[in-house]
Ligand code: SF4
């Protein structure tokens, strides 16, 4: 693992009592840390990005592999890659689809690292999951490391509240965090079932507090927006401050302990984005993902997962107008698919998921052609013990009422 050696000595951080994160972002393609969502080296000879035959090469390799390969494409993936996906969807749908294809020896996951890990956990031992570029991580997932989360649990033990706390972890987390969740009898959730996950945690599971990882916005939007809690019921645990920056009293009084993590893409939208688009397009329906900040979600007309957003736009009559607060590749694809509707991005600034965009044609061609030659590159393989407990937490999600 390559970590900037100057970290930990920043006097400005020390002055304000902030413990520097061991998770400084590696420059993409430099250094190596396969246990993390961070960018890592991508070995191998990639075809040049300007090669005009890339699409033909990918098609030829896919045909040669036949049913032995199954290509998954996340909704946020770029169009030229999505064109080769056997199925498109959100992270959980894709992992389920992979599990439903036992005949596929190789699953090529055009998404990000935590998604490929989930696919590896849910697929059979004979299947190999491949992430075409190991630098395709997720900044949100990287905001909660196993070490930090174990420290947080120790803080909850010290405050005397761990026994009544149920971990609920968003799908967008590393396998290690999912395993932590399983070890403490918690559950995974998606943006579609977060409400049911919290109802289970406070109901059948018998918790009086939830430790929600790693997306504070999804946790807050669900607890306050859907379960009727107040902002005062929520505290934010900052892993870079001693004790999370919270007193024992705050931990004892909180119902929701939200991890201080967020999506760098959805976190860009603001209340101003909503006001601006409403002024620019009268009658527009603002459709936001629950990873957006609370101020955006409360100002939006409709809120839901990527699958929900797609279904709303698909079902709307011609002439409808939508401003959509989610990743730009998906918004552009919806706009192309519905030329009879006005579909705009919620913000004026371009906002792709930069790590998702690491999966490009050169990496896809390289991964597929390697398979044709009998070589497996960039295989994602989750440690067995980690996979067992992560699977437990994922199974709990599947069993949610
Ligand atoms: S859009 Fe956000 S949550 Fe999704 S992969 Fe990118 S950084 Fe992670």
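Which condition number in (1) buried (at least 22 other Cβ atoms within 10 Å of the Cβ); (2) away from the ligand (no atom under 16 Å from the Cβ); (3) farther than 18 Å from residue 371 by Cβ is the one that residue 80 fails?
All conditions pass for residue 80, except number (1).
May I ask you to list the residues in the range 254-266 that are within 13 Å of the chain's Cα centre (by Cα) and either more than 13 Å from the ligand (Cβ to nearest atom) or under 14 Å from residue 352 (Cβ atoms) (or both)?
So the first thing to find is which residues in the range 254-266 are within 13 Å of the chain's Cα centre (by Cα), and the list is 261-266.
Within the range 254-266, 263, 264, 265, 266 qualify.
If you take just the helices (runs of 4 or more DSSP H) that sit entirely in the range 156-242, which of them hold at least 2 residues that are modelled with pLDDT of 95 or more and closer than 14 Å to residue 259 by Cα? Quick ask: steps written out before the conclusion?
Values: elements: 175-183, 194-202, 216-225.
Ranges flagged: 175-183, 216-225.
Considering only the range 349-365, I want to know if a residue exists there that is in contact (Cβ under 8 Å) with a residue 12 or more places away in the chain, more than 30 Å from residue 311 (Cβ to Cβ), out of contact with any helix residue (DSSP H, G or I) (no Cβ under 8 Å at 6 or more places or on another chain) and not in a helix (DSSP H, G or I).
no
Within the range 366-388, how many residues are under 17 Å from residue 70 (Cβ atoms) and assigned to a helix (DSSP H, G or I)?
6
Can you go through 56, 125, 60 and tell me which one is out of contact with any helix residue (DSSP H, G or I) (no Cβ under 8 Å at 6 or more places or on another chain), part of a loop (DSSP other than H, G, I, E, B) and surrounded by fewer than 24 Cβ atoms within 10 Å (Cβ to Cβ)? Reasoning before the result, please.
On the way: 56 fails: part of a loop (DSSP other than H, G, I, E, B); 60 fails: part of a loop (DSSP other than H, G, I, E, B).
From the options 56, 125, 60, the qualifying one is 125.
Going by the structure shown, is residue 330 under 20 Å from residue 276 (Cα atoms) and within 16 Å of the ligand (Cβ to nearest atom)?
Numbers: under 20 Å from residue 276 (Cα atoms): no; within 16 Å of the ligand (Cβ to nearest atom): yes.
No.
Being farther than 17 Å from residue 379 by Cα and at pLDDT below 95 is the requirement here; does residue 151 meet it?
On the way: farther than 17 Å from residue 379 by Cα: yes; at pLDDT below 95: no.
So residue 151 does not fit the description; no.
Taking the range 109-151 as the region of interest, how many residues are more than 16 Å from the ligand (Cβ to nearest atom) and in contact (Cβ under 8 Å) with a residue 60 or more places away in the chain? Lay out the reasoning, then the answer.
Pass one, the range 109-151, residues more than 16 Å from the ligand (Cβ to nearest atom): 120-130, 146-151.
From what's left, in contact (Cβ under 8 Å) with a residue 60 or more places away in the chain: 120-122, 128-130, 147-149, 151.
Matching residues across the range 109-151 total 10.
When both residues are 6+ apart or on different chains and their Cβ atoms are under 6 Å apart, which pairs have a first residue that lies in the range 74-88 and is farther than 18 Å from residue 133 by Cα, and a second that is modelled with pLDDT under 95 and away from the ligand (no atom under 13 Å from the Cβ)?
87/97
Could you list, in sequence order, the residues of the range 95-118 that are closer than 20 Å to residue 354 by Cβ and assigned to a helix (DSSP H, G or I)? Don't jump to the end; show me each part of the working.
Filtering the range 95-118 for residues closer than 20 Å to residue 354 by Cβ gives 109-117.
The answer is 113, 114, 115, 116, 117.
The values are calculated or read from the model by the stated rules, or taken from the named source; none is laboratory data. Here the structure is a predicted model, which is why all the values come from computation and not from measurement. When we count neighbours, we look across all protein chains shown, and the Cβ atoms used for this are built from the backbone with ideal geometry, even at glycine.
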